Amino acid sequence: MAVHAVSKVAEDLNPFRIAMHQFDTAAEKLKLDAGLREVLRTPRRALSLSLPIKMDSGAVKVFQGFRVQHNNARGPCKGGIRYHPNVSFDEVQALASWMTWKCATVNIPFGGAKGGIICDPHKLSKSELERLTRRYAYEISDFIGPDRDIPAPDVYTDAQVMAWIMDTYSMTRGHSVPGVVTGKPTFLGGSLGRHEATARGCVYVTRCACEVKNIDHKRATAAIQGFGNAGSIAAELLAKIGMTVIAASDSRGGIVNPKGLDIPKLVAHKSKTGSVAGFPGAKAISSNDVLELDCDVLIPAALENQITLTNAHRIKANVIAEAANGPTTPGADAILRDKGVLVIPDILANAGGVTVSYFEWVQDLQELFWDVEEVNRKLEKIMGKAFADVHECAKKFKTDMRTGAYVVAIDRVAKATESRGIWP
Ligand code: GLU
């Protein structure tokens, strides 16, 4: 009995194998040449680093870090840096390849990369975090740069971490190089609107998806898993366009109120207490329960492998917008497709972040900065076009939006690779 129960839900949760499966599904549809397929699925290069850090106590600890550059056929590699205890090399490889397909889906001139350090930043002091960041930045400094590979924030990294990386890199070059990272503080060459961009882009394509599914977004309800940069700002923006956000969660727990949560008050509660848990007037639920609530729109905005074979059949939302990277497994995708759920895949749904990173890089290079209206207008245009491209492609190939997005993206990267040719 127990064996049966386990075998029923057993699925491969290795993020890199999942990423390759997603790639292969679309490459098959495109009838991509076998050699080209191999070129595109393999990361171009990967660094694995040991980072010795003097802790405040005087003890020395060695942390492990990675930077994977997946592809640069369409431009410099681009992608965030994650600080998390569960970071692994395969996770970073997966995230790097997702960046390649993400940048191609929204048609910005970047390839894909990702970095990560295995650490719990909440257990480090600010000066330990700075030393760890600077050591990591130094170790990757020969591989990054505005025309090579441009890091950005990801899970548990922020504008301050980017400022330290920019400073460390600039020290190795002897002059300030703002374009080496994006997601910097605005007073250091960061772009207006970058902080909100992932959520803004996500909400924009959610509206497009609601239109496709004939859902009036003003009468719709939403549940959000994860209340970091993407999740909390998505909640604010959804509430602003008239959607009722009924539930939210973070790593410490979740809350629900079917009548709707007061989002500005919830954001204040989180910044005071460190969690959404314990928000007055709402019922406590688990982070997993948030995924299965009766609502129109579900926004997974936390980590990978949240919607799996185990819970996909219990999902009630009609639209899922993946603000997180990799929240849905291939097994869950198949169940959701059969149920008629419209899943806006991560490489489209959360591409607003890297799109405004692109704007930041452009502004840094030309040393001319735009107002927030211009940033948001350009972001909306790119997200709207990408949603339309992906939706049309999914219809053409009679497939779901994820495979549609991969087909659009792989086709663009394949064309670039073929016309450049294989050197030597
Ligand atoms: N970490 C974000 C992502 O996964 C942003 C990457 C960037 O701006 O380069 O898309």
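The values are calculated or read from the model by the stated rules, or taken from the named source; none is laboratory data. In this text, all values refer to a predicted model and were calculated from it rather than measured experimentally. Cβ: placed from backbone, ideal geometry, glycine included. Neighbour counts: every protein chain shown.
Cβ-Cβ under 7 Å, sequence separation 6+ or interchain: first residue in the range 185-197 and within 18 Å of Lys378 (Cα to Cα) and within 13 Å of the ligand (Cβ to nearest atom), partner part of a helix (DSSP H, G or I) and small (Gly, Ala, Ser). Which pairs?
Gly190/Ala159; Arg194/Ser357; Ala197/Gly352; Ala197/Gly353
I'd like the residue in the range 322-355 that is touching a Pro at 6+ places or on another chain (Cβ under 8 Å) and among the hydrophobic types (A, V, I, L, M, F, W, C) and, out of all such residues, is surrounded by the most Cβ atoms within 10 Å (Cβ to Cβ).
Ala323
Those residues that are crowded, with 17+ Cβ neighbours inside 10 Å and of a type in the set (D, E, K, R), I need them from the range 16-40; list them, please.
Across the range 16-40, the qualifying residues are Lys29, Arg37.
Count, please, the residues in the range 158-184 that happen to be more than 15 Å from the ligand (Cβ to nearest atom) and among the acidic types (Asp, Glu).
Result for the range 158-184: 1.
Take the range 292-302 and flag every residue that is touching a Ser or Thr at 6+ places or on another chain (Cβ under 9 Å) and crowded, with 18+ Cβ neighbours inside 10 Å.
Listed by number, the residues that qualify are Leu293, Cys295, Asp296, Val297, Ile299, Pro300, Ala301, Ala302.
Of all residues in the range 72-107 being in a loop (DSSP other than H, G, I, E, B) and on the phi > 0 side of the Ramachandran plot, which is nearest to the ligand (Cβ to nearest atom)?
It comes out as Gly75.
Do we find a residue being within 13 Å of the ligand (Cβ to nearest atom), hydroxyl-bearing (Ser, Thr, Tyr) and modelled with pLDDT of 95 or more anywhere in the range 53-67?
No, every residue in the range 53-67 fails to be within 13 Å of the ligand (Cβ to nearest atom), hydroxyl-bearing (Ser, Thr, Tyr) and modelled with pLDDT of 95 or more.
Only one residue in Phe369, Phe359 is part of a loop (DSSP other than H, G, I, E, B) and surrounded by 13 or more Cβ atoms within 10 Å (Cβ to Cβ). Which one?
Answer to the selection: Phe369.
Has the range 57-76 got at least one residue that is surrounded by 21 or more Cβ atoms within 10 Å (Cβ to Cβ), over 27 Å from Val413 (Cα atoms) and either touching a residue at least 60 places away in the same chain (Cβ under 8 Å) or touching a strand residue (DSSP E or B) at 6+ places or on another chain (Cβ under 8 Å) (or both)?
yes
Go through (1) surrounded by 22 or more Cβ atoms within 10 Å (Cβ to Cβ); (2) touching a helix residue (DSSP H, G or I) at 6+ places or on another chain (Cβ under 9 Å) one by one and return the number of the condition Arg135 breaks.
(1)
This table checks each residue for (1) of a type in the set (D, E, K, R); (2) closer than 17 Å to Val290 by Cα; (3) modelled with pLDDT under 95.
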position: Ala152; (1), (2), (3): no, no, no
position: Met171; (1), (2), (3): no, no, no
position: Arg200; (1), (2), (3): yes, no, no
position: Val256; (1), (2), (3): no, yes, no
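Go through the residues of the range 99-118 one by one and say whether even a single one is touching a residue at least 12 places away in the same chain (Cβ under 8 Å), over 17 Å from the mean Cα position of the chain (by Cα) and surrounded by 21 or more Cβ atoms within 10 Å (Cβ to Cβ).
No, the range 99-118 contains no residue that is touching a residue at least 12 places away in the same chain (Cβ under 8 Å), over 17 Å from the mean Cα position of the chain (by Cα) and surrounded by 21 or more Cβ atoms within 10 Å (Cβ to Cβ).
Looking at the range 215-228, can you tell me whether even one residue there is assigned to a helix (DSSP H, G or I) and modelled with pLDDT of 95 or more?
No, the range 215-228 contains no residue that is assigned to a helix (DSSP H, G or I) and modelled with pLDDT of 95 or more.
What are the residue pairs meeting all of these: first residue in the range 25-36, first residue touching a residue at least 12 places away in the same chain (Cβ under 8 Å), second residue outside any helix (DSSP H, G or I), Cβ atoms under 7 Å, and 6 or more apart or on different chains?
Hits for this filter: Lys29/Phe397; Lys29/Thr399.
Of all residues in the range 385-402, which are surrounded by fewer than 17 Cβ atoms within 10 Å (Cβ to Cβ) and touching a helix residue (DSSP H, G or I) at 6+ places or on another chain (Cβ under 9 Å)?
Ala388, Glu392, Lys395, Lys396, Phe397
I'd like to verify a number: residues in the range 391-424 that are more than 25 Å from the chain's Cα centre (by Cα) and acidic (Asp, Glu), how many?
Here the count works out to 1.
Only one residue in Leu348, Leu336 is under 21 Å from Asp294 (Cα atoms) and either in a helix (DSSP H, G or I) or among the acidic types (Asp, Glu) (or both), so which one is that?
Checking each option against the conditions leaves just Leu336.
What number of residues within the range 128-181 satisfy the criterion of being outside any helix (DSSP H, G or I) and over 23 Å from Ser57 (Cβ atoms)?
Result for the range 128-181: 22.
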